[in-house]
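Student: I have a structure here, written as structure tokens, and I will follow up with some questions on it.
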Amino acid sequence: NYPQALRFYLLCIRENNPVDSTQQSWFLINTAITYQETKKYSKAQQVYQQLLQYGKFFLPADSAHVYANLSELYADLGERALAVQYSRAAERILPRVSGYYLQSVITRSSSKANAVNNNWLEAYHYEQRYRMYRDSIL
């Protein structure tokens, strides 16, 4: 229920302003993802820009999650160079990330970024890794 979730995320942001911790920055992450999932890309971009100001609170896994989502956002917008830039930033952190869910998010974004750039062999490689991680979750 994205509209209800968004309402609560926005309330959390308003109640916890300024953002001064990793936990509070997750309200912004979830808000941006919710906008992205509902295809409100310009609003998602605005929240991601606000979110990047709080990067000092991120653990490596948090940064990787944000970069992977930004990569998918820019792939959806046809901004190929930015899609690749953010997917590579997430990939650099991937070796330090534990947990199949986040590994699946990163490899899915890398597959999508490579696909929009017609780099089919790399897209296939990351798609296979994504499916492996996703299957491990199931």
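Student: What accessible area per residue, rounded to a whole number of Å², is obtained for the chain using a probe radius of 1.4 Å?
Tutor: Dividing the accessible area of the chain by its residue count gives 57 Å².
Student: Name the residue, out of 69, 16, 114, whose mean-square fluctuation peaks in a Gaussian network model built on the chain with Cα pairs under 10 Å.
Tutor: The residue that fluctuates most here is 16.
Student: Over 14 Å apart: what share of the alpha carbon pairs of segment 1-60 falls there, rounded to a whole percent? The partial results should precede the final answer.
Tutor: Details: 906 of 1770 pairs.
Within segment 1-60, distances greater than 14 Å cover 51 percent of Cα pairs.
Student: While we're on this one: So for segment 57-137, what are the equivalent ellipsoid semi-axes in whole Å, largest first, each being the square root of 5 times an eigenvalue of the Cα gyration tensor?
Tutor: Semi-axes from the Cα gyration tensor: 18, 16, 9 Å.
Student: Calculate the spin-label point distance for residue 98 paired with residue 79, positioning each point 7 Å from the Cα along the beta-carbon direction, and give it in nanometres.
Tutor: 3.4 nm
Student: Can you pull the Kirkwood radius for the chain, inverse mean 1/r over Cα pairs, to one decimal in Å? Provide the component values of the computation, followed by the final result.
Tutor: Values: mean 1/r = 0.0658 Å⁻¹.
It works out to 15.2 Å.
Student: Given labels modelled 7 Å from the Cα in the Cβ direction, how far is it in nm from residue 5 to residue 137?
Tutor: Those two pseudo-labels are separated by 1.1 nm.
Student: Also: Compute the orientation-averaged projected area for segment 30-94 from the convex hull of its Cα atoms and round it to one decimal in nm².
Tutor: So the Cα hull casts an average projection of 3.9 nm².
Student: Only helical DSSP H runs with n ≥ 4 go in: add -39500 (n - 2.57) per run for the chain, normalise by residue count and round the 222 nm mean residue ellipticity to 500 deg cm²/dmol.
Tutor: When only DSSP H runs of four or more count, the value is -26000 deg cm²/dmol.
Student: Quote the relative contact order of the chain in percent (integer), defining contacts as alpha-carbon pairs under 8 Å separated by 6+ residues.
Tutor: It comes to 17 percent, rounded to a whole number.
Student: Still on this model: Using a 1.4 Å probe over the heavy atoms of the protein chains, calculate the carbon and sulfur portion of the accessible area of the chain as a whole percent.
Tutor: Of the solvent-accessible surface of the chain, carbon and sulfur hold 51 percent.
The values are calculated or read from the model by the stated rules, or taken from the named source; none is laboratory data. Keep in mind that what you see is a predicted model, and the values were worked out from it rather than measured. In this analysis, Cβ positions are derived from the backbone assuming ideal geometry, glycine residues included, and neighbour counts consider all displayed protein chains. These area figures cover heavy atoms from the full protein model, side chains too; ligands, DNA and RNA do not enter into them. Shrake-Rupley method; radii C 1.70, N 1.55, O 1.52, S 1.80 Å.
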